[in-house]
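Trainee: Following this message is one structure expressed as C-alpha cells.
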Amino acid sequence: ELARMLGTDASPAAGLSVLKIVVGGQAAPAVRSSILVALGDGLRRRGMTVAKLLDAAKADSQMRQDLLRFTSDSLAAAKEADRPIAGRIAAVRVLAFLDCDSCRESLAELLNPQVDPQLQIAAANSLGQLEHADVPKLLLAGWRSHSPALRREVVEALLRSTDRVGSLLDALQDGAVLRGDIERDRKDLLLNLPKSGLRDRAKKLLAGDVDANRAKVIADYQSALQSPGDIAKGKLLFQQKCANCHQIAGVGHVVGPNLQSVANKSPADLLIAILDPNREAQPNFATYVVETQDGKVLNGLLVGDTATSVTLRRAEAKEDVVLRSNIETIVTNGKSLMPEGFEKDVPPAAVADLLAYLKSLGMDAKP
C-alpha cells in the first residue's frame, strides 16, 4: 500500500525510491514483484508509467541497467514452464510495467491455447496495459482460438483506451470478430462511448443487435409468466448469465442489487427488471464513464467518491481507481450497468426457469 501511495505522489523522487528497492535486489523476488505491481498501479492512477518515471526523475545509467536486469529475470520466470503457476503469473503481472519489445513478444506468446488458462488471462491483462501501437494486433491475433474468458479479457483491454476501441471496431467490420463474440455489457459500452465518432460507428456495426423496443420484447415474453418454471434450471442459468454482477448464497460477484431482496416482487415486475433494466434503474446502480487524461476509458458503478479519487466497479466486482487529477471527463449515461438484450441469449422458457429460481429465494428466507 505504501508503494501504491508513493506512486501517486507527484514527486518523481518518491516513485523512484520504490523502484530502487524493486530492482536493487533488497527483498525476496515475490515481494519485489508485489511492490512493483503496487507502484505501477499508483503511477497509472495519475497517468504515469515506469518509463515516464525514469525520465521525470532523471534516473542514472546504473538504475536503468538494474531495471533491464530485473526485466530480463522477469521474462525468464514468465517463460519457465517448470516454475509453479503462481510464480509465473507474478512475473507476468510485473511485465505490465516493464514495457519493452521482448515483454510484448513474450506476453503475446502466452496467449496460445497450449498455455495454462490462468496464465493466458494474466498475459492478456498485462499486454493490454502496455502502450505500444501493436498491442491491439497482438491481442486479436489468435481471436478464433481464444476461450470465452480470454476473449472477455482481450475486449476489456481494448475498451480501456479510446485509441484501441477503433481496432476492435475494425475487427468487427472485417469479420475477424463477430457481433456475437462480444458480450452484451461490452456491446452496451460500445453503444454509449463518450466520443461521438466511435459511438456512431459502433451503432452502425452493431445495428439490430439490441432491440430498443423494450415494450415489444416484454410482450413477446409474457409466456414466461404462464409457466411454473424449473428452479434447478433457473439456478444454473443464474450462474451462467447473472453471476458476473449478482451474488446469491456465495455464488457470483457483488456488483448489482442483492437479488435476495427482489424475491418479493411479482413475476411480472421481475420480468420487466430483467428485460428492461433501465425502466426503474436505481440511481446508485447507474453506470458512469470516466475518460482519463491519458486516453483510457473506464466504466462501472461509482462505488468510491473521495476528494482525491473515484472508484468504479464493473462485472466480476473488478474495480478501477482513478485520481481526480487524471480525470478528463466523468459522466453517467443514466443507464443500469445491466445491459439490454438478455432475450438475445435466453428464450421465454428459460426466463420462466430464472423467475422460478428468483421467487424461490423468498421461500428459502421464510422460517
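Trainee: Out of (1) surrounded by fewer than 19 Cβ atoms within 10 Å (Cβ to Cβ); (2) without any contact (Cβ under 8 Å) to a residue 40 or more places away in the chain, the odd one out for residue 289 is which?
Mentor: (2)
Trainee: Follow-up. In the set 360, 261, which member is hydroxyl-bearing (Ser, Thr, Tyr), open to solvent by 70 Å² or more (accessible area, probe 1.4 Å) and assigned to a helix (DSSP H, G or I)?
Mentor: That would be 261, the only listed residue that is hydroxyl-bearing (Ser, Thr, Tyr), open to solvent by 70 Å² or more (accessible area, probe 1.4 Å) and assigned to a helix (DSSP H, G or I).
Trainee: For region 309-335, enumerate the residues that are β-branched (Val, Ile, Thr) and touching a helix residue (DSSP H, G or I) at 6+ places or on another chain (Cβ under 8 Å).
Mentor: Across region 309-335, the qualifying residues are 310, 321, 322.
Trainee: OK, next. Pairs please, first residue from region 77-89 and closer than 10 Å to residue 116 by Cβ, second anywhere and outside any helix (DSSP H, G or I), Cβ atoms under 9 Å, 6+ apart in sequence or on different chains.
Mentor: Pairs found: 85/116; 88/80; 88/81; 88/110; 88/116; 89/116.
Trainee: Tell me, please, whether a residue that is open to solvent by less than 10 Å² (accessible area, probe 1.4 Å), assigned to a loop (DSSP other than H, G, I, E, B) and among the aliphatic types (A, V, I, L, M) can be found in region 117-131.
Mentor: Checked against the condition, which is being open to solvent by less than 10 Å² (accessible area, probe 1.4 Å), assigned to a loop (DSSP other than H, G, I, E, B) and among the aliphatic types (A, V, I, L, M), region 117-131 yields at least one hit.
Trainee: Report yes if residue 220 is under 15 Å from residue 358 (Cβ atoms) and either out of contact with any strand residue (DSSP E or B) (no Cβ under 6 Å at 6 or more places or on another chain) or acidic (Asp, Glu) (or both), otherwise no.
Mentor: No: the conditions fail for residue 220.
Trainee: Identify all residues within region 264-286 that are touching a residue at least 24 places away in the same chain (Cβ under 8 Å) and either touching a His at 6+ places or on another chain (Cβ under 7 Å) or assigned to a loop (DSSP other than H, G, I, E, B) (or both); write none if there are none.
Mentor: Within region 264-286, 264, 276, 277, 278, 279, 281, 282 qualify.
Trainee: I'm trying to understand the selection: among the residues of region 57-71, which are open to solvent by 90 Å² or more (accessible area, probe 1.4 Å) and either under 16 Å from residue 98 (Cβ atoms) or at pLDDT below 90 (or both)?
Mentor: 65, 68, 69
Trainee: Can you tell me which of 86, 149 is in contact with a helix residue (DSSP H, G or I) (Cβ under 8 Å, 6 or more places away or on another chain) and either not charged (D, E, K, R) or not in a helix (DSSP H, G or I) (or both)?
Mentor: 149
Trainee: Could you please find all residues in region 231-249 being open to solvent by less than 60 Å² (accessible area, probe 1.4 Å) and more than 18 Å from the chain's Cα centre (by Cα)?
Mentor: Scanning region 231-249 gives 234, 237, 238, 248.
The values are calculated or read from the model by the stated rules, or taken from the named source; none is laboratory data. Source: prediction; values computed, not measured. All Cβ positions, even for glycine, are placed from backbone atoms using ideal geometry, and neighbour counts span all protein chains on display. Just the protein is used for accessible areas: all its heavy atoms, side chains included, with ligands, DNA and RNA removed. Shrake-Rupley method; radii C 1.70, N 1.55, O 1.52, S 1.80 Å.
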